[in-house]
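Take a look at the structure below.
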Amino acid sequence: MLRATHFACQGSAEQARSAAGQCEERLLRLLGISGSPSQGSRTGRLIREVRDWAEREPDVETDLLEVAAMGRTSALLYGLFAYVLFLIAFVYAIGFVENAVVSKTIDSGEAGSLGPSLLINMLLLSLFAVQHSLMARPFFKRWWLKVIPAPVERSTYVLCASSALLLLFWQWRPLPTVIFSVQTSPFDAALIGLSLFGWGLALVSTFLISHFELFGLRQVYMNFIGRDAQDNTFKTAGLYNVVRHPIYLGFIIAFWATPQVTAGRLLFALVTTAYIMVGIALEEKDLIAEHGNRYRQYKRQVAMLFPFRVR
């Protein structure tokens, strides 16, 4: 390609246009853009400028490839960082909710005044809920993709969600008043085990669809090797043939199964469960818009959260 570009710039206008066209196609692949951008869009204007540049300058493709390679590497590192942050947030969440191992848990620390503590905790939960739902909506993604490259869109979502969670853990105000407690063995141990099962169910369920796509790693890796990461396949493997939302079911089990319910734990479980129900409604609306009758049929055949009960 480089030799063709040099030859074109030495005198053949036709071959220069051909080389520029090939350069344009390769640039689109490197940027993770499928199809041709509209002429009036910012990407379309950029591509036209690059094409004109490629017709004038003999070494432009080499320069572009070097810049694109750095961009792909940066995107991959960014995606890896976002994924590691998710792992930290997920593992810390287990200790936070279970009141174990980590330094700051849902009931640890000195209790403050009830009113301010409730307000702060509700704001923290609302921040996570709004971020988690808003950034997942198609209209937001369409706008957001005008700002950031497509390969890192999911990683950015994961980064923001994990950051909101870590902020919640850091600033959470304990409400330690005990509302309900089971101190009889082996029931207390059974409830702790059930909660841990819920965490495991949520994690395993991500692998039944596409764990690494869900958390953005597949997108940045496919971009790194210069391949299209688009995959809109509707998957219903394993537990997804039993309930439509096993990830959410796992979280509900994890949040509610506890031998001791404090006011803080109850607030956390109530608000997150309410958010899950709202999130399911929004998510399924988007899935119907994307998959149409196929998802409607799936919705009729498979229960939402609890098998054979709520559909």
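Details
- The set of residues from the range 113-159 being assigned to a loop (DSSP other than H, G, I, E, B) and either open to solvent by 50 Å² or more (accessible area, probe 1.4 Å) or aliphatic (A, V, I, L, M) (or both) comprises Ser113, Met135, Ala136, Leu145, Lys146, Val147, Ile148, Pro149.
- Out of Ser117, Ser103, Ser74, sole residue that is under 19 Å from Ala164 (Cα atoms), out of contact with any Asp or Glu (no Cβ under 9 Å at 6 or more places or on another chain), at pLDDT below 95 and of a type in the set (Ser, Thr, Tyr): Ser103
- The combined condition, being outside any loop (DSSP other than H, G, I, E, B), over 19 Å from Phe197 (Cα atoms), more than 18 Å from the chain's Cα centre (by Cα) and not acidic (Asp, Glu), is not fulfilled by Tyr275.
- With respect to (1) modelled with pLDDT of 95 or more; (2) open to solvent by 60 Å² or more (accessible area, probe 1.4 Å), the lone exception for Trp53 is condition (1).
Here's the yes/no breakdown for (1) touching a Ser or Thr at 6+ places or on another chain (Cβ under 6 Å); (2) crowded, with 20+ Cβ neighbours inside 10 Å; (3) of a type outside the set (A, V, I, L, M, F, W, C):
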residue: Ser205; (1), (2), (3): no, yes, yes
residue: Glu213; (1), (2), (3): no, no, yes
residue: Gly216; (1), (2), (3): yes, yes, yes
residue: Asn223; (1), (2), (3): no, yes, yes
residue: Thr236; (1), (2), (3): no, no, yes
residue: His245; (1), (2), (3): no, yes, yes
residue: Tyr248; (1), (2), (3): no, yes, yes
residue: Trp256; (1), (2), (3): no, no, no
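- Residue in the range 166-177 that is charged (D, E, K, R) and under 18 Å from the mean Cα position of the chain (by Cα) present: no
- Pro307 fulfils the conditions (1) in contact with an Asp or Glu (Cβ under 8 Å, 6 or more places away or on another chain); (2) open to solvent by 30 Å² or more (accessible area, probe 1.4 Å) except for a single criterion, (1).
- Enumeration of residues in the range 91-101 that are buried (at least 16 other Cβ atoms within 10 Å of the Cβ) and either without any contact (Cβ under 8 Å) to a residue 24 or more places away in the chain or farther than 11 Å from Trp172 by Cα (or both): Tyr92, Ala93, Ile94, Gly95, Val97, Glu98, Asn99
The values are calculated or read from the model by the stated rules, or taken from the named source; none is laboratory data. These numbers were taken from a predicted model, which means no experiment stands behind them. All Cβ positions, even for glycine, are placed from backbone atoms using ideal geometry, and neighbour counts span all protein chains on display. SASA here: full protein model, heavy atoms, side chains in, ligands and nucleic acids out. Shrake-Rupley method; radii C 1.70, N 1.55, O 1.52, S 1.80 Å.
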